[in-house]
1. Treat the count of other C-beta atoms within 10 Å as a stand-in for reagent exposure and order W214, W328, W107, W309 from fewest to most.
2. Would you kindly compute the Cα radius of gyration of segment 278-321 and its largest Cα-Cα separation (Dmax), both in Å?
3. Of the listed pairs K157/K237; K128/K334; K257/K288; K79/K126, which have alpha-carbon separations greater than 27 Å here?
4. Once you list every other residue whose beta carbon is under 11 Å from the beta carbon of E97, what net charge do they have if Lys and Arg are +1 and Asp and Glu are -1?
5. Once you treat every alpha carbon in the chain as an equal point and sum by Debye, what is log10 I(q)/I(0) at q = 0.11, 0.15 Å⁻¹?
6. Fewest to most neighbouring Cβ within 10 Å: what's the order for M202, M360?
7. Which order do the peptides 51-64, 248-261 take when ranked by the mean count of other beta-carbon atoms within 10 Å per residue, highest first?
8. Below 8 Å between Cα atoms, with a sequence gap of 6+, how large is the relative contact order for the chain in percent?
Amino acid sequence: MKILFFFLFFLFILERQSELPRGVSPENRHLYLNKPTFTCHDQSKTIKFSYVNDNYCDCEDGSDEPGTSACSETTFYCKNEGFKPKIIFSNRVNDYECDCCSGEDEWETGVCENTCLIELQKEIEKEKELKKQRKLAFEFREARNPKVFKLAQQKRKTLTTIEKKLQIITQILNKCNSIFQKIHSGVFDQQTQQELQQISSMVSSSSLSSTSFWNQMSPKFTRKNGFQQKFVEEVHKLESQYQHLAEKYLQLQLFKKENLELYQNYLYLYNQVINFKTPDGEYEYIFKPFISLVQHGLKSNNDVTIGSWGSLGIDNFQENYPNGEQCWNGPIRKVLIHFECSVNSEIISIEETDRCFYEMVFKTPGACQDIDDDYDDDYKQQFLKKSNKKEL
Ligand SMILES: [Ca+2]
Ligand SMILES: [Ca+2]
């Protein structure tokens, strides 16, 4: 009894499928079963079911002609058996162009061969190639990232030292500013002298490039002619030292612990320079990951920074490089980088998609990380075991 029931149910399903008018997707099947009449999807009218796909547009919404080009702005569902289904605009039906690999859109003209099997084979090959690329990209990252991790330990120390120096220089400059105000208004008292001595010891204890000017700030120090000018010169020296250290500090931001985590799949890009010349020969772009993207005018020989790294992290395979140079009479330049998976790191394109806003497509192994739904996890585990990866 049970078997008979399933058999009848199966026949019922088969019958329903065979009744499905041409061009109707399985999701819309229920809308085409109410024989002997058909109600337009917008409920505007009910017509004879024989008017469905009779190559005459009866419904305003075109729902009675899912398989012909009689109604405008409707769609046709290609079953594409053996491959992926596809939805095309109805005006592509019988237009002598093959839009479905099965050729079912050209049911009247009959000009298309069924190429779904070939498409499937191509897809399989593409998948295989992608899998191979992901495997290579994974190996590439795993081989190079530990070197940067090792370097990171050393760089982090430098980063901390610079951070301290910057703090001290800031304190010194603040003190110098208040001393300058006093000297400028003709005051040079004992307190000023003590403050100068304090600065002197701060300079020597923090291994800043010390000069004879600061060394002479002993308790017996007496102010000589030209002191003010010399003092201003020293302040300028400290300011430029600050500037230099601040730049160095910015370049080492990658080695902050949080950034190492954020960019763990892209660390191999540190210290790389990737160039790209535009096909029209106008510009060459110089991309220094974790630093900047510079546009070099090949004819003008002019360099413009169009984006600087801001340690914002790579989100959804995109990263912003804000804070480029300001456009003349316009906004600050910035770049949005789109990361794509590839074994090699290369710039594919750079375009100014809006005023002073650039978009760059950059292929690199790091971007292969999260597209691996069907990634061979066993392989990954085996590789990790073999390479005996050391964590920091
Ligand atoms: Ca019709
Ligand atoms: Ca067609």
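Each reported figure results from applying straightforward, stated rules to the coordinates on display, with no laboratory input. Remember, it's a predicted structure, so these values are computed and weren't measured experimentally. Note that we place each Cβ from the backbone using ideal geometry, even for glycine, and neighbour counts take in every protein chain shown.
1. Numbers: W214 20, W328 6, W107 16, W309 23.
Fewest-to-most ranking of W214, W328, W107, W309: W328, W107, W214, W309.
2. Cα-based Rg and Dmax for segment 278-321 come out at 12.3, 36 Å.
3. Details: K157/K237 25 Å; K128/K334 37 Å; K257/K288 21 Å; K79/K126 22 Å.
Check vs 27 Å cut-off fails for K128/K334.
4. Values: positive: R92; negative: D95, D99, D105, E106.
So the surrounding residues net to -3.
5. So the normalised log intensities are -1.02, -1.20.
6. Numbers: M202 16, M360 22.
Ascending number of Cβ neighbours within 10 Å: M202, M360.
7. On the way: 51-64: 18.1, 248-261: 16.1.
Output ranking for 51-64, 248-261: 51-64, 248-261.
8. On the way: 550 pairs, mean separation 35.7, N = 392.
Result for the chain is 9 percent.
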